[in-house]
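The values are calculated or read from the model by the stated rules, or taken from the named source; none is laboratory data. Note that this is a predicted model, so its numbers are computed, not measured. Every residue, glycine as well, gets a Cβ built from its backbone with ideal geometry; the counts of neighbours run over all protein chains shown.
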Amino acid sequence: MKKILTLLVLALVLFTACGKKETISKYDEIVNRGYLIVGVKTDSKPFGFIDDETNTNAGFDIDVAKYIAQDILGSERRIKFISVTPNTKIETLTSGEADLIIATMSITPQRALLIDFSTPYYVAGQSALVKEDSNIHTFSDLKDKRTIVVLGSTAEKNIRRIIPLAKIIGYKNYKEAFTAFSNGEADAISTDDTILSGFLTDHKGYRMLKNKITKEAYAVGIRKSDDESDDKLKRNVNIIITRMQKDGTLKNLKKKWNLK
Ligand code: GLU
């Protein structure tokens, strides 16, 4: 009887083992693939842009991505970059096209319903650019003024909420937005101080408003998953960012990219 019972238990164990789906965690999938796929900006100097001389991705966010690739895969070159805009960041991640999004992306409660965020690696703030001789000095001066924003950015939502009377002109990306602003299509352009300062270093005749109306905590976007084994990716990204904070990497990157 005991023998039969043992055999029965053994059969049950084998049956359950065979029936179990073979799953591989997102982290191990990346390691097996041999490279990371990261969604980055290509028009947001100094965080994510294309270096004209080398024709390669460059910027603070790109350096963060390289550090992560170095840690997970042993080489900072093991990355495939794909270009995202404020409106495509989330979808590029949820569709599975990218493993991570590192693209001046602020943590917001609405976004946190759709994707996971790492611990923050930088804190920016929303401001606005105007012409040097403009009579706009504060955000409330934007009332009745034409203000450019990029669709899907936190800046778009904030301006609509805080200055409902501003005349919003929306563009798909920062390249188009800055071109329109330089062509005099609006009185102001509003987004993070980081991206605005990138434009200011290359263009004369403009100034940034002194006040910042938000705190934008940038974090790495990671796909949500019901599978517990996928936590490994987020856990590791968090460990890596904490190390970047402790070993001075983030401080050095701020210096490298002329950020405060
Ligand atoms: N940090 C802001 C955001 O996540 C603005 C940057 C951007 O438009 O990419 O929406």
What residue, among those in region 71-85 that are away from the ligand (no atom under 16 Å from the Cβ) and hydrophobic (A, V, I, L, M, F, W, C), is surrounded by the fewest Cβ atoms within 10 Å (Cβ to Cβ)? L73
Filtering region 109-124 down to residues that are within 15 Å of the ligand (Cβ to nearest atom), surrounded by 14 or more Cβ atoms within 10 Å (Cβ to Cβ) and of a type in the set (V, I, T) yields I115
Pairs only if they're at least six apart or on different chains, beta carbon under 8 angstrom, first in region 67-88 and farther than 30 Å from Y171 by Cα and in contact (Cβ under 8 Å) with a residue 60 or more places away in the chain, second of a type in the set (D, E, K, R) and surrounded by 15 or more Cβ atoms within 10 Å (Cβ to Cβ); list them, first residue then second. Y67/E76
If the requirement is being acidic (D, E), assigned to a helix (DSSP H, G or I) and modelled with pLDDT of 95 or more, which of these qualifies: E185, E156? E156
Would you check if there is a residue in region 219-227 being touching a Lys or Arg at 6+ places or on another chain (Cβ under 8 Å), under 23 Å from K143 (Cβ atoms) and not hydrophobic (A, V, I, L, M, F, W, C)? no
Residue set I163, I189; condition within 12 Å of the ligand (Cβ to nearest atom) and surrounded by 15 or more Cβ atoms within 10 Å (Cβ to Cβ); output residue I189
With respect to the numbered conditions (1) in a helix (DSSP H, G or I); (2) closer than 18 Å to I169 by Cβ; (3) in contact with a strand residue (DSSP E or B) (Cβ under 6 Å, 6 or more places away or on another chain), which one is the sole condition not fulfilled by S190? (1)
If the requirement is being touching a residue at least 12 places away in the same chain (Cβ under 8 Å), surrounded by 15 or more Cβ atoms within 10 Å (Cβ to Cβ) and farther than 24 Å from A103 by Cα, which of these qualifies: S127, S140, S134? S134
Quick check on I102: is it farther than 30 Å from N183 by Cβ and crowded, with 20+ Cβ neighbours inside 10 Å? yes
